[in-house]
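Just so it is clear, none of the values below were taken in a lab; they were calculated from the coordinates. Just so you know, these numbers come straight off a predicted model, no measurement behind them. Cβ: placed from backbone, ideal geometry, glycine included. Neighbour counts: every protein chain shown.
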Amino acid sequence: MTTLEDFGAADSRRIGEVVESNSTSFRAQCYRLYDAPPLGSFVRAGDPPIDGVVYRITTEPIDAARPVLARGEFAATEDDIFRNNPQLERLLTSRFEVVIVGHQGRGSRVPLLPPLPPRVHAFVHVCSSEEVIQLAGHTGWIGLLLSSGIPVADQVVGACFREAASVHSDGPEFLLRVCKDLAVELAGDLPRLNAILRTVRS
């Protein structure tokens, strides 16, 4: 099973393409079924890169007119369903949605929305450990996430913190630093701050 640590520690790799985009978010389709990066992962799209955080993952029929049907009544395991129905790999697709938290500025990554969103068919890569460290070092992305209005934003923030900490040599110190930044962002909303801190510790 793929984890945030697996993706964060790996070299950057191409996992899909942008299929829909706007000024604050984009949607990508995976090249392989069930190969989406985990919730809270940092990814980049296009060149120059536009940085984002995964906030929703879906697996669905490629053709909406052909709904998914249960096929495992007599299968011993879930893997048997796919072995007995190899066509499923061609009928299903995995997609993930990304909130934009930065882009390549003049020589460095900046935690600001880009002037233009990524192009459709732009390649999407999982960020390398070095890129995660660079992105997480500019805490402006925290405010972009908190104000994005995406579903379960607080859970996504917690997942991002855990991922970034997993690739830092000073993980506990990094968490302390970004949690202090989070406290500044949410100085007037103590219940929300405490809720996010609980997800960070989980």
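How high is the relative contact order of segment 30-77? Use alpha-carbon pairs under 8 Å, at least six apart in sequence, and give a whole percent.
Result for segment 30-77 is 26 percent.
Through the Karplus equation 6.51 cos²θ - 1.76 cosθ + 1.60, θ set to phi - 60°, convert the phi angles of segment 72-83 into ³J(HN,Hα) values in whole Hz; use x for Gly and Pro.
Values per residue, Gly and Pro as x: x, 4, 10, 8, 6, 9, 5, 4, 4, 4, 6, 5 Hz.
Determine, from the Cβ-Cβ distance of Arg14 and Ser147 and an R0 of 30 Å, the FRET efficiency 1/(1 + (r/R0)^6), rounded to the nearest 0.05.
Once the sixth-power term is evaluated, E becomes 0.50.
Using r as the Cβ-Cβ distance of His138 and Arg71, and R0 as 45 Å, what FRET efficiency do you calculate, to the nearest 0.05?
E between His138 and Arg71, to the nearest 0.05, is 0.45.
Determine, for each peptide in 124-136, 40-52, the mean count of other beta carbons within 10 angstrom over its residues, then list the peptides with the highest first.
Taking the mean over residues of other Cβ atoms within 10 Å, the ranking is 40-52, 124-136.
So if each residue of separation counts as 0.36 nm, and I subtract the Cα-Cα distance between Gln104 and Asp35, what length gain in nm does that give?
That works out to 22.3 nm of additional length.
Comparing Ser166, Ser21, Ser147, which has the greatest mean-square fluctuation in the GNM of the chain with Cα pairs linked when under 10 Å apart?
Per the Cα network of the chain with a 10 Å cutoff, Ser147 tops the list.
Springs between alpha-carbon atoms under 10 Å, Gaussian network over the chain: tell me which of Ala36, Ala64, Ala165 tops the mean-square fluctuations.
Of the options given, Ala64 has the highest mean-square fluctuation.
Remind me, relative contact order of the chain in percent, using alpha carbon pairs under 8 angstrom and six or more residues apart?
Worked out over the chain, it gives 28 percent.
Using a basic spin-label model with each label point 7 Å from the Cα along Cα→Cβ, how many nm lie between Glu130 and Thr59?
For the pair Glu130/Thr59, the computed spacing is 3.4 nm.
Amide H neighbours of Ser41 under 5 Å, counting only residues 5+ apart in sequence or on other chains, H built in-plane at 1.01 Å?
Amide H neighbours of Ser41: Val54.
Could you work out the helix-only [θ] at 222 nm for the chain, with each DSSP H run of four or more residues adding -39,500 (n - 2.57) and the total divided by the number of residues, to the nearest 500 deg cm²/dmol?
Helices in the chain give a 222 nm mean residue ellipticity of -10500 deg cm²/dmol.
On the first, second and third principal axes, largest extent first, how far apart are the outermost C-alpha atoms of the chain in Å?
Its Cα atoms span 54, 35, 31 Å along the three principal axes.
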